[in-house]
Amino acid sequence: MDDPPDWIGEFTLSPGQFAEHLEAIADSGRTPITAARLLDGGPDLPARPVLITFDDGFADLPGPTAEAVAGRGMTATAYLTTGAIGGSAGTSKNSSLLPPAPMMKLDEAARLEQDFGFEVGSHTVTHAQLDTLTAGEIKHELTESKAVLEDALGHALDTLAYPHGYNDARVRRIAAAVGYTSGMAVRHALSHLTDEPYRIARLIVRRTHTAADVHDWMAGEGARQAPYRDGLKTVGWRYYRRARRMLHGPEFAG
């Protein structure tokens, strides 16, 4: 959108910027695929795959955003925060930690698959910082969102994205135990077939990124490549956030 809420503005593109980014992907010769197809691998995997992913479930997703992607013969994976998209189209309900923003509705999730050929995955219930929660809270976030989306879609779902990429070994173990086959992190890095399936690296698209940046990424340039170990800053930031959670309770991952 052209005029996003301030809290998400850094990660929002105008329609014109978004079109330029998609054209850069199309011109690269890469083949957009879903997360499930990436994890399946095998001989049918295209030689130069790319994943386009959307988190949260903003109102534009099952409309102009998906139309722009599908209209270019591309697919994508949408990770939906079930507490933020509750209710039916035309109603208002938000039981998540996400700040106010126009959101899609749960009954529109099936349209992403049926009308646009997207894959739908889980982005938890409340968008909390998973690596600061108790094991029971993590399990609830992952199982409840999975069950709600499976009921809405009418089939099993096994792909997950951690809110803001926050995860640790415990979060990844629980994700595997409750039936997910992959977990999308962030890391602002290029992924690789040797990447860890439960913290697949993704590139963060900010409003300051240009089509030239996307062109570089499609060429395997302009960012480091996963997998790699968490640095001291990442570990220190995790412990700080855990201390805040003890004082303030679960907080928005953003």
### Task
Quote to one decimal, in nm, the extra length available between Leu39 and His248 on full extension: 0.36 nm per residue of separation minus the C-alpha distance between them.
71.5 nm
### DSSP-defined antiparallel bridges as percent of all bridges, the chain, nearest 5
10
### Task
Please turn the phi angles of segment 244-254 into ³J(HN,Hα) values with the Karplus equation 6.51 cos²θ - 1.76 cosθ + 1.60 (θ = phi - 60°), one per residue in order, whole Hz, x for glycine and proline.
4, 4, 5, 8, 10, x, x, 10, 4, 8, x
### Query
How large is the dipole of the chain about the Cα centre if only Lys and Arg carry +1 and Asp and Glu carry -1, each at its Cβ, rounded to the nearest 20 debye?
1100
### Query
Which ³J(HN,Hα) values, rounded to whole Hz and listed in residue order, are derived for segment 106-113 from phi using the Karplus coefficients 6.51, -1.76 and 1.60 in 6.51 cos²θ - 1.76 cosθ + 1.60 with θ = phi - 60°, glycine and proline given as x?
4, 6, 9, 4, 4, 4, 4, 7
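Tally Lys and Arg at +1 and Asp and Glu at -1 over the other residues with C-beta under 13 Å from the C-beta of Ala201: what net charge comes out? Don't jump to the answer; show the numbers that get you there.
Working: positive: Arg187, Arg199, Arg202, Arg224, Arg229; negative: Asp195, Glu196, Asp230.
Result for the neighbourhood of Ala201: +2.
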### Task
Keeping to pairs on different chains or 8 or more places apart, tell me how many lysine pairs in the chain have Cα atoms under 26 Å apart.
5
### Query
For Tyr240, what charge total do you get from the other residues with a beta carbon under 13 Å from its beta carbon, if Lys and Arg give +1 and Asp and Glu give -1?
+4
## Note on the structure
In whole Hz, the Karplus estimates of ³J(HN,Hα) for segment 209-215 (6.51, -1.76, 1.60; θ = phi - 60°; x where Gly or Pro) are 7, 9, 4, 5, 4, 4, 4
### Message
I want the local charge near Met74. Using Cβ-Cβ distances under 15 Å, sum +1 for each Lys or Arg and -1 for each Asp or Glu among the other residues.
### Response
-3
### Message
Using helices alone, I'd like the mean residue ellipticity at 222 nm for the chain: each DSSP H run of four-plus residues gives -39500 (n - 2.57), total over residue count, nearest 500.
### Response
-10000 deg cm²/dmol
### Message
Treating only the Cα positions of the chain as identical point scatterers, give the base-10 log of I(q)/I(0) from the Debye formula at each q in 0.12, 0.14 Å⁻¹.
### Response
-0.68, -0.97
### Query
Distances over 12 Å make up what percent of all Cα-Cα pairs in segment 6-57?
72
### Summary
If amide H atoms are modeled at 1.01 Å from N in the peptide plane, then the residues at a separation of 5 or more from Ser95, or on another chain, having amide H under 5 Å from its own are Ala84, Gly86
#### Entry: Cα pair distances in segment 145-189, grouped into 10 Å bins until the bin that holds the longest one, percent each
26, 50, 21, 2
## Note on the structure
If amide H atoms are modeled at 1.01 Å from N in the peptide plane, then the residues at a separation of 5 or more from Ala189, or on another chain, having amide H under 5 Å from its own are Arg202, Leu203, Ile204
### Amide hydrogen neighbours beyond the local backbone of Phe58, cut-off 5 Å, H modeled
Met104
### Query
Cα convex hull of segment 1-111: how many Å³ per residue?
115
### Task
Please build a GNM for the chain, connecting alpha carbons under 10 Å apart, and tell me which residue among Thr194, Thr82, Thr53 fluctuates the most.
Thr194
### Task
Show me 141-153, 159-171, 231-243 ranked by packing, highest mean number of other Cβ atoms within 10 Å first.
159-171, 141-153, 231-243
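Got the relative contact order for the chain handy, in percent, Cα pairs under 8 Å and 6 or more residues apart?
On the way: 455 pairs, mean separation 46.8, N = 254.
Once normalised by length, the contact order is 18 percent.
Values in this text are rule-based calculations from the coordinates and carry no lab data. The structure presented is a predicted model; accordingly, all values stated were derived computationally and were not measured. Neighbour counts run over all protein chains shown; Cβ positions are idealised from the backbone, glycine included.
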